[in-house]
Amino acid sequence: MDRTPTPALLAGTARALDHRLAVEQSRGRAPSMAGAVVRGGRTVWTGSRGRVEDGAPTPDTQYRIGSITKTFVAVLVLRLRDEGLLGLDDALGDHLPDAPVTDPTIAQLLAHSSGLAAETGAPWWERSDGAVRPDLASLVAVPPLRGPGRRHHYSNVGFALLGALVGRLRDRPWTAALQAEVLDPLGMDRTTYHPEPPHASGWAVHPWADALLPEPAEDAGLMAPAGQLWSTTADLGRYGTFLLHGDDAVLAADTVAEMRAPSAPAERGAPLSSQGLGLQLLRHGTRDLAGHTGSMPGFLATLWVDPAEDLAGIVFANATSGPAIATTVAELLAVVADREPALPAEWVPAAPEPEVLALTGPWYWGAAPVALRAHGTDELAIGGLGGGARGSRFHRDAHGDWVGLDGYYAGETLRVVRDPDGAVSHLDLGSFVFTREPYAPADVVPGDVDPGGWR
């Protein structure tokens, strides 16, 4: 994506965003709402409606962000993986042997497919002092609902265990690791464990009257990795940019893209399309969004990013229920994308090496024609030419192998097979043979080719 300075939004676009936020604050009866849209790393719109203690909320007003906290825990876990301190397929017990459950893998916990229950036992953890759960054993009130890896089931408890895992491997509280490894490098100085002024107070709105009831803001203790943090739209705008592009001081872009990739299907009936590694994935219209929703007593929050449009959107409300925050953010992004679509990246020539260029052009999987195209100097893409063949992109790794990035061949290796004289004989892709002619000579096509040839 071209990272030239992003111009401000057109007045009509900004007005449409203001209108959408105002409609939701009124319809959802929220004491206040605050929102922002970021494009290309620059905040292009902020809006607010209603009142907090100090007047209208601003981009510097803190709200509790609830389960968006989980995405920060996931970033810390992926940092440990990238440093070689754990593997995503490792069992939790390999690194946290005193956990009340040890079988789920790190990836299953990140993707909410561990089989753990959604919540702790009584009392309701979001509205009680974390001191009532003094140790890890107190977090798991019931046995796992099912074996790990069999089904997606959202689990706050699972992320409490991941927070404990980070603390164990870093030999310091997960919050200290978060500050040093994520918040400080990204310049997020208004994202904190406890609220710091200016901040909104949390309210419940009476379902049948326009009356308010204050909500508690407890320290969740060991459950804090599931939903403790407070933040601002300005800070989460910076974080949204990170979730789009990565930051080498925190996580490389490839690892952030891995977080955004589907890892487990969503629960039946859920509005989400699937679950990534610590990120929720939403299909909204024709757009694929990633991010997370959040709620704690008195607060609602959502952060979505749209990689195709280089957009991030955030909305907060200080109400326990009422406003449809997740839909609102998705619609804010749609307003910008529809009215002011991102320009495609400028095409520039980038010729690959001659031996790679020689691989491009038509190939045949049996009788199905496909095309192999080079994109830049280190990417190949295979796709059908009317024959219905599967498509994927391939990137050359450090060993010189072409490894699938997406589609049917994700993770598979595309091998160039040569004759004894060094000439290219055929391509081998997961044992599938691709030849320069339809069903080329039998010595490269398994199962023989009829000697009578085409007729």
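Laboratory data are not the source of any read-out in this text; all were calculated from the coordinates shown. These numbers come from a predicted model, not from an experiment. Here the Cβ positions follow ideal geometry from the backbone for every residue, glycine too, while neighbour counts run over all protein chains shown.
Some notes on this structure:
- Angle in degrees between helix 68-82 and the longest Cα principal axis of the chain, rounded to the nearest 10: 40 degrees
- Distances between placed amide hydrogens fall under 5 Å for HIS284 paired with LEU289, all partners being 5 or more residues away or on another chain.
- Simple Cβ-charge dipole of region 114-243, Lys/Arg +1 and Asp/Glu -1, about Cα centre, in debye nearest 20: 660 debye
- DSSP-assigned coil residues among GluC sites (Glu not before Pro) in region 276-347, each with at most 16 further Cβ atoms within 10 Å: GLU346
- On Cα atoms only, tilt of 233-245 relative to the major axis of the chain in degrees: 10 degrees
- Converting phi to 3J(HN,Hα) with the Karplus coefficients 6.51, -1.76 and 1.60 and the offset θ = phi - 60°, region 210-215 yields 8, 10, 10, 9, x, 9 Hz in sequence order, with x at every glycine or proline.
- Loop trypsin sites (Lys or Arg not before Pro), region 238-280 (other Cβ atoms within 10 Å of the site Cβ: 16 or fewer; DSSP): ARG268
- Look at where the Cα atoms of region 96-148 and of region 237-313 average out, and the two centres are 23 Å apart.
- Label-zone membership for region 184-209, site ASP129, 7 angstrom Cα→C-beta point, backbone N under 18 Å: 194-195
- For region 194-225 versus region 336-399, the gap between their alpha-carbon centres in whole angstrom: 51 Å
- Answer label, with percent of Cα pairs over 43 Å apart calculated from the coordinates and candidates (1) 24; (2) 9; (3) 6: (1)
- Three-way shape call for region 354-435 based on the alpha-carbon gyration tensor, with the a/c threshold at 1.5: rounded
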